[in-house]
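Values in this text are rule-based calculations from the coordinates and carry no lab data. None of these values were measured; they are calculated from a predicted model. Because the Cβ atoms are built from the backbone with ideal geometry, glycine has one as well, and the counts that use them run over all protein chains shown.
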Amino acid sequence: MFSAAVVADSLRPYDADLAQSVETARDWRRGYHRVFRGMTALSVSSPLVSHGIAREGLRSVRTMLRFAAGRTVLPLDAVDIEAEADDNALGTAVITGTGSAVPVLEVPWQGELLAGDALRRQLAQWQRRGILEPGFVTAVDQVIDNPEWLRLPGFRMTVTGAAAELSPLRPLLSWGADVLAVDRPGRARWERLRALAESGAGAMRFPVCDTVPGVDIVRCFPALARWITDHSDARPVLGVYAGLPGAAGVRLAVASDVLTETVFGRHPDAALALLGSPTDCYAVSPAIVAAAREQLAQRGIRGSAQDLLHRVAPRSFYRLNYIRPVFDADGGAWGLFDNLPSLSGPDYALAQRLPRWRAVLAASAGHPVSFTVAPPAWTATLSHETPWRTTAYRAASHFGIEVFDPATARVLLAAKLVADLFAPPPAPANPEGLFADGAAHGGLWRQPFAPRSLLAPAAVSGTVQSIRDRARSLLDNGESQLPD
């Protein structure tokens, strides 16, 4: 019930009824989804509420969780960072790449390397199709015009979760940047990271504990905070890309938050970089809602069949993406994009929300924040999903959604990060705009139907497509074996 207690504490000063519904929920695992949706709507109502929910939620986390060091168990706010760091000092290793730096932004896509005008045309096409938001395209265009930014001159980037498929480590090293890489110990993981650094053009520094590369953020965040600040001879950028499933993901998110606050305390000019999950709940602008409505009106004959299926099963088939608007204090109408997975549970939802809370507070305190909603991608973790989700991804293009190859997504996302550091966009009037502006949602936000209501028809379409492709492959193989 930890996640329920944190959510209730964050909501209580701003919506006592919603907080009470959390505290009295008989089945929180089933009821959390409605509450996180309500929390998102409440956050967009005013900056005061958005900041307050973030502040109260993080305060609740600090109050309830404890840090265990040996036989000592302390509240998080009582942890002596300096003393713990002295007891668990980390060493440093560095690998300098032998490759040549990539001089311009090049994005791999469908077997080609897009750069210059070719990349601009593809970006414009993605924007026309509603795959990337205009703010994202503008940011990448700026990097094309300023390739000297790619090496991050004047910045020292820390990448936690360095081995994550969408982390910016690989692009940054190929561009010649000097990066601090943090990830858990593990021989196979660090062999891959070493090979990546050796083939790159930059330098990768990483922590070493008892001659073993890597560090567990949850167990060693005080020592890691010392290590990061000791290596921040340039303006520090803390990139938080580490994640785990379930309750472990919540502990990791909390440790990462304490790490972030510690680095900020020592470097008031530090920046924060994060990726938002496409499977979360966000408030989106009126322009996005209008685009979804426009697509709904342009369906033609297909629309009649979709409407019929929706009447047969209104919750499972073709439910509208944005049903009713949510208004902010200035009367602006926002839409609620709701793609929280029903089966992931409240721990997943809270682990996604904690870094969003920190991003809101960091931006309000004047820290540069790069937060980009990532697109759906064919990552290795997708293979661990249920088979029908993988099948549905194969048919996503039929519904105006693009699932990106990780190699394409991580370069685009890294370029957006670079632009946010050197040419930060204007601060949004509403804090929730931090997540909506410049998103790379892959078309999920601008298509007319709620993503969960597309899973069943997409799974059917993907299955049919797989059977057709397999039959074609068998036929082609059979023809190739026929004698001349």
Exercise for the section: Would you mind classifying the range 5-77 by shape? Square roots of the alpha carbon gyration tensor eigenvalues, ordered a ≥ b ≥ c; an a/c under 1.5 is rounded, otherwise it is prolate if a/b is larger than b/c and oblate if not. Expected result: oblate
Problem - Spin-label proximity, Ser46 to the range 7-21 - amide N less than 19 Å from point 7 Å beyond Cα toward beta carbon - result: 10-19
Problem - Derived scalar couplings ³J(HN,Hα) [the range 204-217; Karplus, 6.51 cos²θ - 1.76 cosθ + 1.60; whole Hz; x for Gly, Pro] - result: 10, 9, 8, x, 10, 10, 6, 6, 9, x, x, 8, 7, 4
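Classify the chain as rounded, prolate or oblate from the Cα gyration tensor: take a ≥ b ≥ c as the square roots of its eigenvalues, call it rounded if a/c is under 1.5, otherwise prolate when a/b beats b/c and oblate if not.
It is oblate, given that a/c is not under 1.5 and a/b is not larger than b/c.
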Handout entry: Leading residue at positive end of dipole, the range 1-128 (Cβ point charges), from Phe67, Leu114, Tyr32
Key = Tyr32
Practice task
Collect residues whose amide H, placed 1.01 Å from N in the peptide plane, falls under 5 Å from the amide H of Phe449; neighbours closer than 5 in sequence don't count.
Solution key: Asn321
Fill in the blank from the handout: trypsin sites (Lys or Arg not before Pro) in the range 128-220 lying in a DSSP loop, each with at most 15 other Cβ atoms within 10 Å of its Cβ, come to Arg129
Problem - Magnitude of the charge dipole, the range 19-168, Cβ model with Lys/Arg +1 and Asp/Glu -1, debye to 20 - result: 820
Exercise for the section: Compute the separation of the alpha-carbon centres of the range 227-276 and the range 328-385 and state it in Å as a whole number. Expected result: 16
Fill in the blank from the handout: Quick note, the range 59-138: a/c under 1.5 would make it rounded; otherwise a/b > b/c is prolate and the rest oblate (a ≥ b ≥ c, C-alpha gyration tensor); here it is oblate
Completion exercise
Ordered by fewest other Cβ atoms within 10 Å, a rough proxy for footprinting exposure, Leu354, Leu224 read Leu354, Leu224
Practice task
Please report Ile95, Ile323 as a ranked list, fewest other C-beta atoms within 10 angstrom at the top and most at the bottom.
Solution key: Ile323, Ile95
Handout entry: Label-point separation in nm, Ala329 to Val104, each point 7 Å along Cα→Cβ
Key = 4.7
Completion exercise
Among Ala362, Gly154, Val7, the residue whose Cα sits farthest towards the positive end of the charge dipole of the chain (+1 at Cβ of Lys and Arg, -1 at Cβ of Asp and Glu, taken about the Cα centre) is Val7
Problem - Label-point separation in nm, Leu320 to Val212, each point 7 Å along Cα→Cβ - result: 5.6
